[in-house]
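Peer 1: Have a look at this one.
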Amino acid sequence: MPPNKPDAPVLAPQQAQIPESRAATPRQRTKDELAFLPAAIEIMESPASPAARAVALTMAAFFTIAVIWAIFGKVDVGAIAQGRIVPTGGVQTIQPLEIGVVRAIHVRDGQAVKQGEMLIELDPTESEVDKEQMQRERLAALIELARLRAYLRAGWQGSGVYRT
C-alpha cells in the first residue's frame, strides 16, 4: 500500500475531478446531442421556442387587459326592438284650422307644452289670399242683400202678393 500523503486529496474511484468553473454552470448541448438524448431529458434540456414564448406572453397580456377592462370598463347596453310607443294620455292628432306652409316650429320633440302655447307658425301668404277672397265674397253677398231688401221694400209690382 502506498503511503497516504496528507497534502493530496482522497478521491472516490467513481468521482472525477471537475474544475469549479465548469461545475457551477450546466453544459450547453448542441442540437445533435439533444436529438439523441432520452425524451424526458431532451425536453428538460431543450430551450423553449421563442415563438411559443411570444404567443404565451401575448395571450397573458390579452387576458390581463381583459380582466382590467372587465373590472373598470363601462359598457352601454342597448336593445333594438320593433314596437309602438303609446303615451298614457293617448295619441292626440294636431291639425291646423287653416292649411298653410309652416314658417317656424317653436317646440322640439319630447318638449312639454302648456295650453295656448304657440307650437308652429304658418306662412300667412296663402291665408292672406283666402282672406281677400272671402272679403270680396262678403261684399258681394252684402250687395245682394241690399238689392233684395230694396226689392222687398218696393214691393213686388204686378202680383200684389206682398206689400209693405
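Peer 1: Bin by bin, in steps of 10 Å, what percent of the Cα pairs in the stretch 65-108 do you find, going until the bin that has the longest distance?
Peer 2: Going from the shortest bin to the longest, the percentages are 15, 21, 22, 17, 14, 9, 2.
Peer 1: So what is Rg over Rh here for the stretch 25-66, counting just Cα atoms and using Kirkwood for Rh?
Peer 2: Here Rg/Rh amounts to 1.19.
Peer 1: If I stretch the segment between R27 and A146 completely, what's the gain in nm (0.36 nm per residue apart, minus their alpha carbon distance), one decimal?
Peer 2: Length gained between R27 and A146: 29.6 nm.
Peer 1: Right, another one. How big is the stretch 19-127 on each of its three principal axes, counting only the C-alpha atoms and giving the largest first in Å?
Peer 2: 113, 32, 26
Peer 1: Dividing the convex hull volume of the Cα atoms of the stretch 71-153 by its residue count, what figure in Å³ per residue is obtained?
Peer 2: Once divided by residue count, the hull of the stretch 71-153 is 225 Å³.
Peer 1: Place +1 on the Cβ of every Lys and Arg and -1 on the Cβ of every Asp and Glu in the stretch 25-66, take the dipole about the Cα centre, and give the residue among M44, T30, M59 whose Cα lies farthest towards its positive end.
Peer 2: M59
FYI, it's all coordinate maths here, none of it is from the lab. Remember, it's a predicted structure, so these values are computed and weren't measured experimentally. For neighbour counting, all protein chains shown are included, and Cβ atoms are generated from backbone atoms with ideal geometry for every residue, glycine included.
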